[in-house]
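I have placed the structure first, in the form of structure tokens, so that the comments after it can refer back to it.
The values are calculated or read from the model by the stated rules, or taken from the named source; none is laboratory data. In this text the structure is predicted, and so the values were computed from the model without any measurement. As a convention, Cβ positions derive from the backbone with ideal geometry for all residues, glycine included, and neighbour counts pool all protein chains shown. For accessibility, only protein heavy atoms count, side chains too; no ligands or nucleic acids. Shrake-Rupley method; radii C 1.70, N 1.55, O 1.52, S 1.80 Å.
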Amino acid sequence: QVQLVESGGGLVQAGGSLRLSCAASRGIASNNAMGWYRQAPGKQRELVATETNGGTTQYADAVKGRFTISRDNAKNTVDLQMNSLKPEDTAVYYCNLRYFGGNYWGQGTQVTVSS
């Protein structure tokens, strides 16, 4: 089992910045990806950004150029720096860790962007 603990959500005005952090309770030796998904009210959960332990990143088109994911394999952490936030970024953001042996989610952290 792996526990994921998120922090850093909150309320921010449009154009502002927030940084989300996620810490895993242990590392995964095999190939894996850590990252962030989000779910807005009435919508499906969607990928925001992920990074593999080898450093390959993937971003949703909606956040490219505004969000940056960064991972520290030694510390089992992944952060999401969110700049130029828009009201449509409002959602619950979930940390995710997936590998061949499992798929884990954090409890979610609310991000609210006011216009």
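Scanning the stretch 101-114 for residues that are open to solvent by 30 Å² or more (accessible area, probe 1.4 Å), in a strand (DSSP E or B) and of a type in the set (S, T, N, Q) returns Asn103, Gln110, Thr112, Ser114.
Are any residues in the stretch 70-92 farther than 16 Å from Glu51 by Cα, open to solvent by less than 50 Å² (accessible area, probe 1.4 Å) and either out of contact with any strand residue (DSSP E or B) (no Cβ under 7 Å at 6 or more places or on another chain) or of a type outside the set (Ser, Thr, Tyr) (or both), and if so, which ones?
Initially, the stretch 70-92 is screened for residues farther than 16 Å from Glu51 by Cα, giving 83-92.
Adding the requirement that they be open to solvent by less than 50 Å² (accessible area, probe 1.4 Å) leaves 85, 89-92.
Matches in the stretch 70-92: Leu85, Asp89, Ala91, Val92.
Of the residues making up the stretch 66-100, those that are farther than 11 Å from Glu6 by Cβ, in a strand (DSSP E or B) and among the β-branched types (Val, Ile, Thr) are Thr68, Ile69.
Residues are listed down the side, and each one gets a yes or a no for (1) touching a residue at least 40 places away in the same chain (Cβ under 8 Å); (2) open to solvent by 10 Å² or more (accessible area, probe 1.4 Å); (3) more than 28 Å from Ser115 (Cβ to Cβ):
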{"residue": "Gly10", "(1), (2), (3)": "yes, yes, no"}
{"residue": "Gln13", "(1), (2), (3)": "yes, yes, no"}
{"residue": "Arg26", "(1), (2), (3)": "yes, yes, yes"}
{"residue": "Asn31", "(1), (2), (3)": "yes, yes, yes"}
{"residue": "Gly55", "(1), (2), (3)": "no, yes, yes"}
{"residue": "Tyr59", "(1), (2), (3)": "no, yes, no"}
{"residue": "Thr68", "(1), (2), (3)": "no, yes, no"}
{"residue": "Tyr94", "(1), (2), (3)": "yes, yes, no"}
{"residue": "Tyr99", "(1), (2), (3)": "yes, yes, yes"}
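Residue count for the stretch 1-45 under the criterion of being part of a strand (DSSP E or B) and under 15 Å from Tyr104 (Cα atoms): the result is 13. Residue-level check: of (1) closer than 15 Å to Ala91 by Cβ; (2) of a type in the set (Asp, Glu); (3) open to solvent by less than 30 Å² (accessible area, probe 1.4 Å), Glu46 misses just (3). The set of residues in the stretch 72-115 being within 11 Å of the chain's Cα centre (by Cα) and under 15 Å from Arg26 (Cβ atoms) consists of Thr77, Val78, Cys95, Leu97, Gly106.
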